[in-house]
Amino acid sequence: MSPDSAAARSSTQFTIRPVGPAEYDALARITLEAYEGNRDDLGDDYRDELRDVAGRAAACPVLVAIGHDGTVLGGVAYVPGRSNPMSELERDGEAGIRMLAVDPAAQGLGVGRALTVACLERARADGRSGMALYTRPANVPAQQLYASLGFVRDPDRDWEYEPGHWLWAFQRAF
């Protein structure tokens with residue numbers, strides 16, 4: 001499947017496609033809410049980064065899930081490789097995922113899975129050797145999703161961004 005066809009995938013409840021400027025504010029709100037719901041240690045700089053959908057979209061592809069009523073249900077940044085300004089942990093040949101977020105009202109519909117699968121398909125189509133991402137140790141639902149899609153923990157890439165605050169690395173080879 002080509003990157004464009006993967007990004008325009010439809011389900012009975014939503015469509016995955018590139019984000020448009022009219023959706024930046026809604027995706028910013030969803031992303032900030034999702035991350036604040038899982039963390040009590042967000043700094044103002046990171047809150048600003050989470051809200052900056054336009055900046056992400058200028059640096060890398062950002063995909064959204066759009067309900068058939070036009071509602072933004074979630075989104076994700078696809079990091080095409082290590083040289084991208086959004087890169088955090090990708091090794092040579094890998095793509096990455098950043099800021100996957102689903103509106104709480106849309107959880108359980110498969111939005112997070114569909115966004116992740118679209119990124120995996122894009123990475124394969126781009127000739128990437130695999131994909132890497134970070135998630136919080138306490139974010140068990142995300143870890144279960146990633147494991148179900150073939151990701152495995154990569155503790156060598158874990159990141160202690162502040163004393164006692166960790167992000168766990170996951171990777172999937174193709």
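Per-structure values
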read-out	value
Filtered residue count, segment 49-60, keeping only those that are under 13 Å from the mean Cα position of the chain (by Cα) and either crowded, with 22+ Cβ neighbours inside 10 Å or more than 21 Å from Ala123 (Cα to Cα) (or both)	3
Qualifying residue in segment 141-155 (condition: modelled with pLDDT of 95 or more, within 13 Å of Glu90 (Cα to Cα), over 17 Å from the mean Cα position of the chain (by Cα) and not in a helix (DSSP H, G or I))	yes
Failed item, numbered, when Arg153 is tested on (1) in contact (Cβ under 8 Å) with a residue 40 or more places away in the chain; (2) more than 23 Å from Ala65 (Cα to Cα)	(1)
Which numbered condition Ala7 fails, given (1) under 14 Å from the mean Cα position of the chain (by Cα); (2) modelled with pLDDT of 85 or more	(2)
Pick from segment 95-112, criterion assigned to a helix (DSSP H, G or I) and over 10 Å from the mean Cα position of the chain (by Cα), ranking: nearest to Glu36 (Cα to Cα)	Pro104
Count of residues meeting criterion [more than 12 Å from Arg172 (Cα to Cα), over 11 Å from the mean Cα position of the chain (by Cα), not in a helix (DSSP H, G or I) and not hydrophobic (A, V, I, L, M, F, W, C)] in segment 113-140	5
Residue match in segment 76-88 (condition: under 18 Å from Gly150 (Cα atoms) and either at pLDDT 95 or above or part of a strand (DSSP E or B) (or both))	yes
Residue count, segment 130-160 (criterion: farther than 23 Å from Gly110 by Cβ and surrounded by fewer than 14 Cβ atoms within 10 Å (Cβ to Cβ))	5
Unique match (being in contact (Cβ under 8 Å) with a residue 60 or more places away in the chain and either among the charged types (D, E, K, R) or out of contact with any Phe, Trp or Tyr (no Cβ under 6 Å at 6 or more places or on another chain) (or both)) among Asp92, Asp48, Asp126	Asp126
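The values are calculated or read from the model by the stated rules, or taken from the named source; none is laboratory data. Being a predicted model, the structure only gives us computed values, none of them experimental. Methodologically, a virtual Cβ is constructed for each residue, glycine included, from the backbone with ideal geometry; neighbour enumeration extends over all protein chains shown.
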